[in-house]
1. Quick check on my filter: what residues within segment 122-168 are assigned to a helix (DSSP H, G or I) and either free of Cβ contacts under 8 Å to residues at least 40 places away in the same chain or polar (S, T, N, Q) (or both)?
2. Quick check, is Ala258 touching an Asp or Glu at 6+ places or on another chain (Cβ under 8 Å), touching a residue at least 12 places away in the same chain (Cβ under 8 Å) and within 30 Å of Arg187 (Cα to Cα)?
3. Since Tyr226 meets every condition but one in (1) in a loop (DSSP other than H, G, I, E, B); (2) touching a residue at least 24 places away in the same chain (Cβ under 8 Å), which condition does it not meet?
4. Name every residue in segment 186-200 that is at pLDDT 90 or above and either more than 27 Å from Asn42 (Cβ to Cβ) or not β-branched (Val, Ile, Thr) (or both), in order of residue number.
5. From the residues in segment 169-208 that are among the small types (Gly, Ala, Ser), without any contact (Cβ under 8 Å) to a residue 40 or more places away in the chain and closer than 17 Å to Thr26 by Cβ, which one is surrounded by the fewest Cβ atoms within 10 Å (Cβ to Cβ)?
6. As an exercise: evaluate Arg218 against (1) surrounded by 13 or more Cβ atoms within 10 Å (Cβ to Cβ); (2) more than 25 Å from Gly98 (Cα to Cα) and give the number of the one condition it does not meet.
7. Can you find a residue that is assigned to a helix (DSSP H, G or I), closer than 21 Å to Phe101 by Cβ and at pLDDT below 90 anywhere in segment 20-36?
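The values are calculated or read from the model by the stated rules, or taken from the named source; none is laboratory data. On a predicted model such as this, the values are computed, not experimentally measured, just so you know. Backbone-built Cβ (ideal geometry, glycine too); neighbour counts: all protein chains shown.
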Amino acid sequence: MDQAEQLRNIIKKENTPQRPKARIITITSGKGGVGKSNVAINLAIQFRKMGQKVIILDADFGLANIEIMFGTVPKHNLCDLIYQGKNIKEIITWGPMGVGFISGGSGISGMYNLSRDYLVYIIVNLAELDAIADTIIVDTGAGISNAVMEFLVASGEVILVTTPEPTSITDSYSLLKALNQYPRFSRENTAIKVVSNRVSSAEEGEQLFHKLNAVVARYLKLPLTYLGAIPQDQLLARSVMQQSPVSLQYPAARSVHAFETIAQELTGREGTPVVPPRGMAAFFSHIITGRKLEKSPQT
């Protein structure tokens, strides 16, 4: 049995009706510095306030934005699951309001070179997250690297964070263009949603979305959904300096109201369809299969 077939059997087992599957939301941006990690953390806090169990996977390799904003240092990361024999529960760091956090480190990129037995072990462990969390938020790196693209094509639900800066708009379009051309990307099975960040007003946020959407619709034919706008907020900037999510530090802040509205939109309360959950086994198996397994000789 080859590796790809082995993982397909795992997914089939994990997708039995009685097993829970977590909702995977992947948050990305065309360039760095647009507030992507802030969106990930504060949406996680808002989901927790709604009673959901939430885990953030920090897949922004080389940076530690999530742990810095949480004001906590994880004892373990995904590398410890892969190479040190830790189980999935041991590598979760619990942050404010009981939001779980997993540092990806270089662990995910290292998965492509593992043996079949190791891959099976990793996928089975990651699948346990479906029983721990209702929603898993994946915070990717910025830009159009292969690592970022692999996360986006594996996710059925993508949130693109952009700002009014011309470079941010241009880079957002470049990311969508790269995604549209990437092997195995399925526009039919992927919902792409846009958040306008650091805007002066709700009107500016809508204008920013329409500007991006017009170009994307004309040249890429990709459907985009507008989630809403997050205003420029000094209290949000202050909370970052204090290493505490603004949703907890300043719950009456304008940006917090925006995060609440977007979280409600994502739960379907405002008519936005909720994408059926895929679960972590399918998510990571899709990534590994695309990068390695389909190219491997049968064993």
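1. At the first step, the residues of segment 122-168 found to be assigned to a helix (DSSP H, G or I) are 122-127, 129-132, 146-154, 166-168.
Matches in segment 122-168: Asn125, Asn146, Met149, Pro166, Thr167, Ser168.
2. Values: touching an Asp or Glu at 6+ places or on another chain (Cβ under 8 Å): no; touching a residue at least 12 places away in the same chain (Cβ under 8 Å): yes; within 30 Å of Arg187 (Cα to Cα): yes.
The answer is no for Ala258.
3. Checking Tyr226 against (1) in a loop (DSSP other than H, G, I, E, B); (2) touching a residue at least 24 places away in the same chain (Cβ under 8 Å), the one that fails is (1).
4. Ala191, Lys193, Ser196, Asn197, Arg198, Ser200
5. Step one: of segment 169-208, the residues among the small types (Gly, Ala, Ser) are 172, 174, 178, 186, 191, 196, 200-202, 205.
From what is left, the residues that are without any contact (Cβ under 8 Å) to a residue 40 or more places away in the chain are 178, 186, 196, 200-202, 205.
Filter once more, keeping what is closer than 17 Å to Thr26 by Cβ: 178, 186.
Working: Ala178: 18, Ser186: 8.
Here the residue is Ser186.
6. Condition not satisfied by Arg218: (1).
7. First, the residues of segment 20-36 that are assigned to a helix (DSSP H, G or I): 36.
From what is left, the residues that are closer than 21 Å to Phe101 by Cβ are 36.
Still in the list and also at pLDDT below 90: none.
There is no residue in segment 20-36 that is assigned to a helix (DSSP H, G or I), closer than 21 Å to Phe101 by Cβ and at pLDDT below 90.
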